Structure formats: C-alpha cells, structure tokens
1. Among the residues of the stretch 35-71, what is the count of those that are at pLDDT 95 or above and among the polar types (S, T, N, Q)?
2. Taking the stretch 72-99 on its own, how many of its residues are in contact with a Ser or Thr (Cβ under 7 Å, 6 or more places away or on another chain), small (G, A, S) and either assigned to a strand (DSSP E or B) or farther than 20 Å from P26 by Cβ (or both)?
3. Is it true that I55 is in a strand (DSSP E or B) and more than 21 Å from W125 (Cα to Cα)?
4. Considering only residues that are in contact with a Ser or Thr (Cβ under 7 Å, 6 or more places away or on another chain) and small (G, A, S), look in the stretch 1-59 and name the one that is farthest from I116 (Cα to Cα).
5. Among residues belonging to the stretch 27-46 that are free of Cβ contacts under 8 Å to residues at least 24 places away in the same chain and among the polar types (S, T, N, Q), point out the one that is surrounded by the most Cβ atoms within 10 Å (Cβ to Cβ).
6. What number goes with the only condition from (1) of a type in the set (A, V, I, L, M, F, W, C); (2) over 14 Å from L81 (Cβ atoms); (3) modelled with pLDDT of 95 or more; (4) surrounded by fewer than 12 Cβ atoms within 10 Å (Cβ to Cβ) that M1 does not pass?
7. Give the residue that is modelled with the lowest pLDDT, with candidates limited to residues of the stretch 87-127 that are loosely packed, with under 14 Cβ neighbours inside 10 Å and within 20 Å of L10 (Cα to Cα).
8. How many residues are out of contact with any helix residue (DSSP H, G or I) (no Cβ under 7 Å at 6 or more places or on another chain) and either more than 24 Å from E96 (Cα to Cα) or assigned to a strand (DSSP E or B) (or both) if we restrict to the stretch 4-19?
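The values are calculated or read from the model by the stated rules, or taken from the named source; none is laboratory data. Just so we're clear, the structure is a prediction, and the values are computed from it rather than from any experiment. In this analysis, Cβ positions are derived from the backbone assuming ideal geometry, glycine residues included, and neighbour counts consider all displayed protein chains.
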Amino acid sequence: MKVASIDVGLKRVGLALCLDGKIVFPQDAILRKNRNQASRDVKAFLDEWEIEKVIVGLPKGGSTQDEMERRIKHFISLLNLDIKIIYQDEYGSSIEAKELTKGLFRHKKDGKIDSISAKIILERWLK
C-alpha cells in the first residue's frame, strides 16, 4: 500500500512517503504561498504517486492545539480526497527532526526539516 504523510505548517508543508510498508522517504516540501496553491500542490503530489492512504500530523498538547487542529483539518478538506485520512500525533516531531539532522546540513527555511518531520510522523504510524 502506498502511504504518504503530511506535516502541515503555516509556511511549508512537509511530505514523506512509504511505498512498501517499511522504508519512509522524505520528499521535497511544498512552500506555501497560500492555502489554495499549497493544497493543489499537495493533491498533485498524492495523485502523482497514486497514494492510497494519508497520515496527517496533528499537534497534541500545547496552548495552540485547538487552533492548529482546526487549521490543519481545514487544509486537508481543501484536498478533496477520496482516500483514507488518518490523523497521527506529531508532538515533538520538528524538534526530533532538528536533532536528527544537527550537523548534517544548515537548517534553512527550505522545508527539509518539515519533510523529515513528516517522515517521523509516518514512521510513528507504521510502528
């Protein structure tokens, strides 16, 4: 089963995919100009890879949990998907991604961290 994960952020959308149920590959993040452009780009990615299930990171805990959950679910509704959507706790995935990559590359705002966060979210779901 082809599964993708999405780490929805206000500026970038991290993406990762798993084609064999075992190995997860981070993909290029989508830089978000606005939610319509970002949702079109995410939908195109999912269609291109013929994804059968989507795992979406949702923050659990923290003071902005309710607001972020509302924004993420609204963004996912814009995708208009006919495939199964599963929400997975993403708490701490960005911090974990930064720790994992410390010293490997400069942490710029290019989306690498966001896609590694998406990779972590999908790996948590696969376990």
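1. 3
2. Of the residues in the stretch 72-99, 0 are in contact with a Ser or Thr (Cβ under 7 Å, 6 or more places away or on another chain), small (G, A, S) and either assigned to a strand (DSSP E or B) or farther than 20 Å from P26 by Cβ (or both).
3. Considered against the rule, which asks whether it is in a strand (DSSP E or B) and more than 21 Å from W125 (Cα to Cα), I55 comes out as no.
4. By that ranking, first place goes to G57.
5. Top of the filtered list is Q37.
6. M1 satisfies every listed condition except (3).
7. Result: H107.
8. Of the residues in that region, 1 qualify.
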